[in-house]
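Remarks on the structure that follows.
The values are calculated or read from the model by the stated rules, or taken from the named source; none is laboratory data. Just so you know, these numbers come straight off a predicted model, no measurement behind them. Cβ sites come from the backbone with ideal geometry, for glycine too, and all protein chains shown count toward neighbours. SASA here: full protein model, heavy atoms, side chains in, ligands and nucleic acids out. Shrake-Rupley method; radii C 1.70, N 1.55, O 1.52, S 1.80 Å.
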Amino acid sequence: MLSYNVATLLRSAPGTERRYPVENLEMEIAEDLRLAEPIEGEVRLSRTGRSILARAHLTTAIEGYCSRCLTPIVAKIDVDIEEEALPSIDIDSGLPVNQAEEPDALRLDSHHELDLGEPIREAISLAEPSSMLCRDNCRGLCLVCGVDLNNVTEHDHADDTVDPRLAALAEWSDRPDSN
């Protein structure tokens, strides 16, 4: 779980730190993003003068498809997180803290619990590669018939018909250079 009670840390001197291992953590990331391996790593929580600073280094892997040949693959993900969490309740008086100055800040709940679930989901989602490849030299799929070009040594189409919309370009490329 990625929820930590930080009440004792809030009463500690600034600079005090607590470390928590993250092992075999399974969680849903996004509707279109699935983990292939559990999340592993460490969370470090430090007391600052006004808040809790959460730092984490986490590793996992996500499922996906090669963007060229559509082979299912697994991509390793490493994320580093640094978030400041502000109290919502004053630890000494028990009164609510004015949140108007920083309405979008990550907040501790009313029981001084810090939930890092959402920041970790966001970090993993943002670390997803824009295009995953099964290998650097993936040849992809044939644009005409869809065969995986990584699995064949020779591949051609005897009848390379030109799309009628592009026929003028084909004729133009067949002309000798006029220079």
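Out of R68, R19, R34, one residue alone is touching a residue at least 40 places away in the same chain (Cβ under 8 Å), basic (K, R) and open to solvent by 40 Å² or more (accessible area, probe 1.4 Å). It is R68.
Close Cβ contacts (under 6 Å, 6 or more residues apart or on different chains) running from residues in the stretch 84-104 that are within 13 Å of R50 (Cα to Cα) and assigned to a loop (DSSP other than H, G, I, E, B) to residues that are of a type in the set (A, V, I, L, M, F, W, C) and open to solvent by 40 Å² or more (accessible area, probe 1.4 Å) comprise P87/V97; S88/V97; D90/V97. Considering the conditions (1) open to solvent by 60 Å² or more (accessible area, probe 1.4 Å); (2) under 17 Å from the mean Cα position of the chain (by Cα), D115 is excluded by exactly one of them, (2).
The single condition among (1) without any contact (Cβ under 8 Å) to a residue 24 or more places away in the chain; (2) assigned to a loop (DSSP other than H, G, I, E, B); (3) farther than 20 Å from E37 by Cα; (4) not basic (K, R) that S130 does not meet is (3). From the list V97, V162, the lone residue that is under 38 Å from the mean Cα position of the chain (by Cα), farther than 30 Å from I77 by Cβ and surrounded by 11 or more Cβ atoms within 10 Å (Cβ to Cβ) is V97. Within the set I77, I73, I89, I62, the sole residue that is β-branched (V, I, T) and closer than 28 Å to G15 by Cβ turns out to be I89. Annotation note: of I77, I124, I73, I120, the sole residue that is open to solvent by less than 50 Å² (accessible area, probe 1.4 Å), closer than 30 Å to N150 by Cβ, assigned to a helix (DSSP H, G or I) and touching a residue at least 12 places away in the same chain (Cβ under 8 Å) is I124.
Of all residues in the stretch 1-21, those satisfying the criterion of being assigned to a loop (DSSP other than H, G, I, E, B) and more than 19 Å from I120 (Cβ to Cβ) are R11, S12, A13, P14, G15, T16.
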